[in-house]
Structure formats: structure tokens, C-alpha cells
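Here's the structure, in C-alpha cells; my notes come after.
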Amino acid sequence: MNKHPEADILAAISTRKASREPFALATVVRTVAATAAKAGAKAVISTDGTISAGWIGGGCARTAVLKAARDALADGMSRLVSVWPEDVLKEEGVAAGDERAGVRFAKNMCPSQGSMDIFVEPVLPQPQVIVFGSSPVAVAVADFARHSGFAVTVCAPTAEQLAFEEADRRIEDYALPVHEAGARFVVVSTQGRGDEAALLAALAIEVDYVAFVGSRKKADALKSTLLTRGVAPERLARLKAPAGVDLGAITPDEIAISIVAEIVAVRRGKQSRVAAAT
């Protein structure tokens, strides 16, 4: 028997965070009467609905918790699961599967007939702002994004990487994976140095937002060129150009603020992907 389950849980959490792997963390926060798991017990639940580390008891709570974990990973919202014996559910006027005031109820089928509350929280990869290019606007976007809670990935030739003092990840040119866990927001600010190559790469990957820093006229010309190069119209329709909320911005810092503000709006659901692309 493992004498240090807390260490195992912490190691599992650390490993998954480092690999940007989404998971749910279930924590027993309260127990009443006899239950297999006690308050403080934790489990790491993978996206496929399996418990990959830890323990929160047997079948008494397992089904309800795993369902709550899948739902939490789907919408990013935490859940509280309250497992009660059937007679207690009836006394309280609720049924298994009901939700009330943010609590999801489940029936305890185990002989112990105890009650327990389990908090289920999604742990999702830190959202990324991916900057293509090393223009003054690109550098300012990276800086403001880091201070706004985003991980920053810089995509630029090696010689241009020196423009960025800090970055969570640096990629030579624009060789990004097509798919990655977590939200990704791409800002192309190449300022005439490899605009087409950067846009081709940005429009080929799956992201939540992609924008071009430049005039509408320049963006339209680039879109026409990209269309002749085989980029699908629906891909081009996703491109927000000019980038950012219309603040009347002039300086690189002001433009960067408008772009990060737009990214935050998209992330928080205040601006849809469709709206962002118009």
C-alpha cells in the first residue's frame, strides 16, 4: 500500500500540467457517517473518464463523479456532487440526478449508507497567445498577454527572437502543431516580413482566434493572394483584420492593448469567433 498518496496526486497533477493535458480533480470535502473515502481524498480524472491517480471511494460515488468530471471538462465549470442514501434524498425532496443551487445529487447504493460531498474542478491548460513576428506590436502583445494570464508562444526566426525578453515557448519560424490542448489565440504581426508564410501557417491550425496586424487594404490583398494559393474561403473568413477592438489606437502599446482586449472578450464569451472574424 502506498504510504504517500498525496505525493502521487501532486506528481500526477504536475505531470499533466507540464504536458498541457486537461484533467479533472475530484476532492472529497465532507463525509457523514460511514464512507469508504474520507474528507481530503482526491482523484485525478482523465478526459476519457478514468481515474488515473488517487481514490475517492468505491462505486458509491464513482459513476456520479466521473459524469461530473466529463461535464466539467466539456464546459470548464466546477461541480459539487452530493451523494446521499435514498431515504435522505426522499426526505429532502430531491432525486438522483437533480441539480439544485449548483449541487448535483446522487444516490449512495453502498451498504454503508453514508453521505459525502465531492468537489469536481476542471484543470485546463493555460490559454495561449501565439505571436507570429517580432514587430513592436508583437512584442507589446506578448507582454500584455503574459500579464493577463496567458501563456505566450513566440514564433519568429531565431535572429528575431531576441526582441522578446520573456516567452513560455519559442518556435523557429511558424512550425506549430495543428492541434493542441487548450485555447489558442494567434496574432500575426510580421510587419511585411513573411506575411504570406505566417498567414498560411496561422490559418492551417485549429485556433480560437486569429488576427492580422495591418490595414484592411493590406489584409484584403493578402487574402486574395492566399485564396489563389488554395486557402479555403471559410479559413480566410476566420481572419480578423485589422486586429483588435476599435479604440482609436495609434502607438504599438495602444494597438497591443486593443488586441489583448479582443482576445479576452473572445475567451470570456463576450465576442464570438464569428463576430471576431467580421
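The values are calculated or read from the model by the stated rules, or taken from the named source; none is laboratory data. Note that this is a predicted model, so its numbers are computed, not measured. Methodologically, a virtual Cβ is constructed for each residue, glycine included, from the backbone with ideal geometry; neighbour enumeration extends over all protein chains shown. Accessible surface is based on the protein model in full, side chains and every heavy atom, while ligands, DNA and RNA are left aside. Shrake-Rupley method; radii C 1.70, N 1.55, O 1.52, S 1.80 Å.
Filter segment 72-83 down to the residues that are open to solvent by less than 60 Å² (accessible area, probe 1.4 Å) and farther than 17 Å from Ala101 by Cα, then identify the one that is modelled with the highest pLDDT.
My answer is Leu73.
In segment 9-35, what residues are within 14 Å of Ile56 (Cα to Cα) and touching a strand residue (DSSP E or B) at 6+ places or on another chain (Cβ under 6 Å)?
Ile9, Ala24, Leu25, Ala26, Thr27, Val28, Val29, Arg30, Thr31, Thr35
Out of the residues in segment 186-203 that are touching a residue at least 40 places away in the same chain (Cβ under 8 Å) and either among the aromatic types (Phe, Trp, Tyr) or in a loop (DSSP other than H, G, I, E, B) (or both), which is surrounded by the most Cβ atoms within 10 Å (Cβ to Cβ)?
Only one residue tops the list, namely Ser189.
Could you tell me whether segment 204-217 includes any residue that is under 22 Å from Leu124 (Cβ atoms), open to solvent by 30 Å² or more (accessible area, probe 1.4 Å) and touching a strand residue (DSSP E or B) at 6+ places or on another chain (Cβ under 7 Å)?
yes
Can you name the condition, by its number, that Asp246 falls short on among (1) at pLDDT below 95; (2) in a helix (DSSP H, G or I)?
Status for Asp246: all satisfied but (2).
Quick one: would you say Ile263 is modelled with pLDDT of 95 or more, open to solvent by 20 Å² or more (accessible area, probe 1.4 Å) and either out of contact with any Asp or Glu (no Cβ under 6 Å at 6 or more places or on another chain) or under 21 Å from Gln161 (Cα atoms) (or both)?
No, not satisfied.
When the residues of segment 112-154 are narrowed to those that are within 30 Å of Asp87 (Cα to Cα) and not in a strand (DSSP E or B), which ends up most open to solvent (accessible area, probe 1.4 Å)?
Gln113
On the given criteria, is Pro111 at pLDDT below 95 and touching a Ser or Thr at 6+ places or on another chain (Cβ under 9 Å)?
no
Would you mind finding the one in Ala221, Ala183, Ala159, Ala175 that is within 15 Å of Ala138 (Cβ to Cβ) and either modelled with pLDDT under 95 or open to solvent by 20 Å² or more (accessible area, probe 1.4 Å) (or both)?
Every option except Ala159 fails the conditions.
Among the strands (runs of 3 or more DSSP E) lying completely within segment 4-55, list those that include at least 2 residues that are surrounded by fewer than 20 Cβ atoms within 10 Å (Cβ to Cβ).
23-32, 51-54
Would you please name the residue that is nearest to Ile13 (Cα to Cα), looking only at residues in segment 56-89 that are among the hydroxyl-bearing types (Ser, Thr, Tyr) and not in a helix (DSSP H, G or I)?
Of everything passing the filter in segment 56-89, Ser78 is nearest to Ile13 (Cα to Cα).
Residues in segment 169-180: is at least one of a type in the set (A, V, I, L, M, F, W, C), under 28 Å from Gly269 (Cβ atoms) and part of a helix (DSSP H, G or I)?
No, segment 169-180 has no match at all.
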